[in-house]
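Working notes for the structure below.
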Amino acid sequence: MYDKSNQQIDKLATFSDTPAPSVTRILYTDNDVAARSFIRELMESAQLTVREDAIGNIFGRWEGSEPSQGVVASGSHTDAIPYAGKYDGVVGVVGAVEAIKALRRAGFQPKRSLEAIMFTSEEPTRFGLSCIGSRVMAGDPRVAVSLANAVDEDNVTFTLAANRAGYDEAGDNLQSVAVGNETYAAFVELHIEQGPLLEEQGVSIGIVTAIAGPASLGVEFAGGGGHAGAVLMHLRNDAGLAAAELALAVERHVLESGSQDTVGTTGTVKLYPGAINSIPRNAQLGIDIRDIDGSRRDAVVERVRATAHEIAARRGVVLQNFTVVNQDPPAQSTDFVIEALKEASEELGLGHKMMISRAYHDSLFMARIAPTAMIFIPCYRGYSHRPDEHATLEDMANGVRVLALTLSKLSSN
Ligand code: HGY
Ligand code: MN
Ligand code: MN
Ligand code: MN
């Protein structure tokens with residue numbers, strides 16, 4: 001059975017814009033659309049009733065004997081950042097379908113309907129906004145405005161990209177995607193740890209008690225630019241150096257927080273015109289700051305903002321833009337879901353430990369509308385967002401078994 005999951009993961013990995021072993025699968029691109037049909041077929045072959053919402057969240061439901069009760073769901077994402085691996089998110093989508101198939105094979109009959117979910121995108125790659133599918137489902141107050149103004153680097157709008165992928169109502173029917181607090185009775189996401197602890201400690205299952213809150217910043221400096229040879233140093237206002245200083249300041253302010261739970265990354269820096277013999281006259285930075293403690297993270301964001309202004313003034317460049325794209329609160333898992341995961345791990349004789357997630361996931365938003373928790377399985381040296389990301393068949397099988405048993409517990413009462 002699990003060998004088949006591996007085949008499914010390998011097949012999904014072929015829907016990629018970059019050569020194996022890397023996987024690049026960006027929201028609403030051809031390979032993303034191909035992966036969507038594969039997931040729909042997987043759900044249909046598991047005899048699930050499949051539906052998609054206006055922006056492409058895909059739901060496969062097994063109706064329970066009491067269908068009016070809150071649904072118990074499990075799922076994750078299949079989109080992948082450039083040159084990533086093939087397990088991030090995918091394990092949680094394929095695993096949710098596998099877990100439901102295993103329950104059906106075992107003759108289980110759920111009271112509450114069970115649902116496998118593929119969220120339309122979790123990575124921020126194309127439009128700079130993470131967890132679009134679960135964020136809209138959770139009714140995030142700012143998401144409609146963010147998406148209405150979202151364009152990718154080819155200036156294609158979110159709505160047009162969605163329409164081209166077959167989601168005609170993405171532009172004017174966003175509100176139909178939001179689900180209230182009563183829809184789901186519980187949500188569980190299976191995911192690789194994307195960290196080294198489980199493998200290092202030889203523990204099979206991680207039970208996630210909290211998810212760190214991410215903040216994303218877009219910053220732009222503008223300077224005079226000019227000829228790299230002709231303009232003397234004291235006459236320059238170099239936007240590239242302002243950006244370099246700010247990237248180092250992000251690191252400094254994060255380290256000043258005094259907690260290892262505060263992390264910060266300047267993941268993208270774009271210099272214009274990008275010629276070796278031209279002084280950068282424009283620099284754009286993408287900054288990611290996270291912490292399990294939301295107010296500690298927000299204090300770092302404000303320090304970075306103040307330093308950006310100070311650098312601009314001192315270097316005679318213009319701080320053209322300082323945008324907080326998202327500043328999401330951390331999420332706490334719900335006790336009864338954690339308990340169910342603990343019981344299932346014990347009944348299966350699998351070593352398990354409580355832990356936080358430093359990566360964000362769709363569970364960060366599902367926790368706003370449903371009692372939520374996550375299952376982590378080990379991954380090779382904790383590697384993720386890299387082509388050598390890897391999870392063993394045994395670890396994935398353990399994750400699916402814990403998921404199946406937990407879903408049976410949660411959908412029986
Ligand atoms: O960045 C994250 O935490 C997620 O894996 N996209
Ligand atoms: Mn990821
Ligand atoms: Mn993920
Ligand atoms: Mn994630």
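The values are calculated or read from the model by the stated rules, or taken from the named source; none is laboratory data. All of these numbers come straight from a predicted model, not from anything done at the bench. As a convention, Cβ positions derive from the backbone with ideal geometry for all residues, glycine included, and neighbour counts pool all protein chains shown. Only protein heavy atoms, including side chains, enter the accessible area calculation; ligands, DNA and RNA are left aside. Shrake-Rupley method; radii C 1.70, N 1.55, O 1.52, S 1.80 Å.
Over the range 214-327, what is the mean sequence separation of C-alpha contacts under 8 Å (at least six apart), divided by residue count, expressed as relative contact order in percent?
After rounding, I find 44 percent.
Going through the range 90-155, which GluC sites (Glu not before Pro) have at most 14 other Cβ atoms within 10 Å and a DSSP loop state?
Passing both the DSSP loop test and the Cβ count: GLU153.
Counting only other residues whose beta carbon sits under 11 Å from that of ASP261, what net charge do I get with K and R as +1, D and E as -1?
Cβ neighbours under 11 Å give a net charge of +2.
So, for the range 214-327, what is the accessible surface per residue at a probe of 1.4 Å, expressed in square angstrom?
Accessible area per residue: 49 Å².
Would you mind counting up the charge near LYS270? Only other residues with Cβ under 11 Å from its Cβ, with Lys and Arg at +1 and Asp and Glu at -1.
Charge balance in the 11 Å sphere: -2.
Sequence gap at least 6, Cα distance under 8 Å: using those rules, report the relative contact order of the chain to the nearest whole percent.
On the way: 957 pairs, mean separation 95.4, N = 413.
In percent, rounded to a whole number, it is 23.
Can you give the net charge of the other residues whose Cβ lies under 12 Å from the Cβ of ARG135, counting K and R as +1 and D and E as -1?
Summing Lys and Arg as +1 and Asp and Glu as -1 gives -2.
Report the charge-dipole magnitude of the chain in Debye, nearest 20, computed about the Cα centre from +1 at each Lys and Arg Cβ and -1 at each Asp and Glu Cβ.
Magnitude of the dipole: close to 340 debye.
Report the extension gain between GLU251 and MET354 in nm, rounded to one decimal, defined as 0.36 nm multiplied by the number of residues separating them, less their alpha carbon distance.
Once the chain is fully extended between GLU251 and MET354, it gains 34.2 nm.
Using a cut-off of 12 Å between alpha-carbon atoms, which aspartates and glutamates can reach LYS101, once sequence neighbours fewer than 8 places away in the same chain are excluded?
Of all the aspartates and glutamates, those that pass the test against LYS101 - Cα under 12 Å, at least 8 places apart if same chain - are GLU44, GLU115.
On full extension of the chain, what length is gained from GLN109 through ASP17, given 0.36 nm per residue of separation minus the C-alpha to C-alpha distance?
This chain segment gains 29.1 nm when fully extended.
Excluding residues fewer than 8 places away in the same chain, name every one of the aspartates and glutamates whose C-alpha is closer than 15 Å to that of LYS342.
Hits, sequence-local ones excluded: GLU189.
Taking the chain as the reference, fit the longest principal axis to its C-alpha atoms, fit the long axis of helix 335-347 to the helix C-alpha atoms, and give the angle between the two in degrees, 0 to 90, nearest 10.
That works out to roughly 60 degrees.
So what is the calculated 222 nm ellipticity per residue for the chain, using -39500 (n - 2.57) for each DSSP H run with n of 4 or more, over all residues, to the nearest 500 deg cm²/dmol? Display every interim value, and only then the final one.
Details: 12 runs with 143 residues, N = 413.
Taken over the chain, the calculation gives -10500 deg cm²/dmol.
Express the carbon and sulfur contribution to the solvent-accessible surface of the chain as a percent, rounded to the nearest whole number, probe 1.4 angstrom.
Of all accessible area on the chain, carbon and sulfur atoms account for 52 percent.
Rounded to the nearest 5, what % of DSSP beta bridges with both residues in the chain are antiparallel?
Bridges in the chain that DSSP calls antiparallel: roughly 65 percent.
Using Cα-Cα distances under 8 Å and only pairs 6 or more residues apart, what relative contact order does the range 72-122 have, in percent? Display every interim value, and only then the final one.
On the way: 62 pairs, mean separation 28.1, N = 51.
Across the range 72-122, relative contact order equals 55 percent.
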